[in-house]
Amino acid sequence: MAEKGRIVPATEEYIREASRIILSGGLVAFPTETVYGLGANALDGGAVSRIFAAKGRPQDNPLIVHVSGAEQATEYAVVSKCARKLMESFWPGPLTVVLYSKGPVPDVTRAGLDTVALRAPRHPVALSLIEESGVPIAAPSANRSGRPSPTSAVAVADDLGCAVDLIIDGGPSSVGLESTVVDATRDRAVILRPGGVTREMLESVVGLSGGCSEIAHRSPGTRHRHYAPDIPLFLWDGADHAPFLEVSGLKWCYMGTKEPPEDTGAPYREVIFGSLGEYASGLFARLREFEASGAEMIIAQIPWDDGIGLAIRNRLERAAE
Ligand code: AMP
Ligand code: MG
């Protein structure tokens, strides 16, 4: 047996090995443009159960099923008109559509719901793995449940190590935040989780109903603790007064697109992102780096909720809960 938790380069040979592991019921971590996924054959209930066990993921939180495109999606879901438009505009890419399930995706993958979440990733390694395997791949983020998502192979190994049969290294994830999840079962789409495809982008293609207030009810995953580093995280809205700094004396790290609050003294480490896109792609990696640095707390600037800012805000708020 090959050693578990190995990090290997994304060569054709290793993608073939990974597809053999998937087809024999094992777990492969692989790069996508959003974050690294922990993949198993979505049609194999036993393999999918192993994902839940490896992550310590609550059983009531369904998995995203990764497909090669709209054609494969029709085998597993009733594709509505709304979903068809979304797929044409945003697939492959960071958009997951929730549709009524049909065909062979087992209950455990869907956490017993009558719907299934589908996404075609825009990453050559992820797409090759799906195609080479010939089956849809169920894959949540490849972190221990509740932790910041992994945007590199090393972050996967740190969290899951030997629980994974193979880790394919495709370099850092470009988007850095998870996909946008939308319910597309009806004429108007509902955003269940903000992500890499922005609300504005969705609105240019389909009608949207509901704000993000519906999120908590409609998407099981949003009920659970998520994205949290091991040290306290405080959010700063950019105003002059920053109450958490009264607890200071602690070693603190800072990240944001603007300079940290003025009256605070110097942070132990500081990252100023050049744009919201950089903030999105660097967010999880910085949370992990800061907690490993010996710092005692993190302060993150919370952006406005337009564009990708909405998804950054959502992750930060949940990580700070
Ligand atoms: P993760 O894979 O951990 O990034 O999370 C996937 C997200 O998609 C979670 O918030 C899930 O609750 C959500 N999700 C997956 N399947 C469904 C579904 N059938 N209905 C609603 N939300 C879903
Ligand atoms: Mg996750």
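The values are calculated or read from the model by the stated rules, or taken from the named source; none is laboratory data. This is a predicted model, so every value here is computed, not measured. A quick note on method: Cβ atoms are made from the backbone with ideal geometry, for glycine too, and the neighbour counts reach across all protein chains shown. Each accessible area value is taken on the protein alone, full model and side chains, heavy atoms only, with ligands, DNA and RNA left out. Shrake-Rupley method; radii C 1.70, N 1.55, O 1.52, S 1.80 Å.
A 1.4 Å probe run over the protein chains yields, for the stretch 260-318, 41 Å² of accessible area per residue, whole-number rounding.
Applying the Kirkwood pairwise sum to the alpha-carbon positions of the stretch 79-211 produces a hydrodynamic radius of 16.0 angstrom.
Can you send over the carbon and sulfur percentage of the accessible area for the chain, probe radius 1.4 Å, protein chains only? C and S atoms contribute 50 percent here. Calculate how steeply helix 309-320 sits against the longest principal axis of the alpha-carbon atoms of the chain, using the helix alpha-carbon long axis, and give the answer as 0 to 90 degrees to the nearest 10. Long axis of 309-320 versus the principal axis of the chain: about 80 degrees. Between Asp158 and Arg84, residue separation times 0.36 nm minus the direct Cα-Cα distance comes to 22.8 nm.
With a Förster radius of 35 Å applied to the beta-carbon distance between Ser293 and Glu12, the computed FRET efficiency rounds to 0.40. Taking 7 Å steps out from each Cα toward its Cβ at Lys4 and Trp304 produces label points 4.9 nm apart. Each residue of the stretch 11-23 is assigned a 3J(HN,Hα), and the resulting list reads 8, 4, 4, 6, 5, 5, 4, 4, 5, 5, 4, 4, 6 Hz, derived from the Karplus form 6.51 cos²θ - 1.76 cosθ + 1.60 (θ = phi - 60°), x at Gly and Pro. Rg/Rh for the chain stands at 0.97; both radii use Cα atoms, and Rh follows the Kirkwood definition. Look at the alpha carbon pairs under 8 Å that are at least 6 residues apart: their mean separation over the length of the stretch 133-182 gives a relative contact order of 30 percent. Ordering Met297, Cys253, Tyr76 by the projection of their Cα atoms onto the charge dipole of the chain, which places +1 on the Cβ of Lys and Arg and -1 on the Cβ of Asp and Glu, puts Tyr76 at the extreme positive end.
Placing a pseudo-label 7 Å from each Cα along the Cα-to-Cβ vector at Val205 and Glu75 gives an inter-label distance of 2.2 nm.
Ordering Ala163, Phe234, Thr115 by Cα displacement along the dipole of the chain toward the positive end leaves Thr115 in first place; charges were set at the Cβ atoms of Lys, Arg (+1) and Asp, Glu (-1). Taking every protein chain into account, the accessible area of the stretch 1-130 amounts to 39 square angstrom per residue (probe 1.4 Å).
Take the Cα of Asp187, go 7 Å toward its beta carbon, and the backbone nitrogen atoms of the stretch 195-209 under 13 Å from that spot belong to 207-209. Taking Cα atoms only, the orientation of helix 81-90 departs from the longest principal axis of the chain by about 60 degrees.
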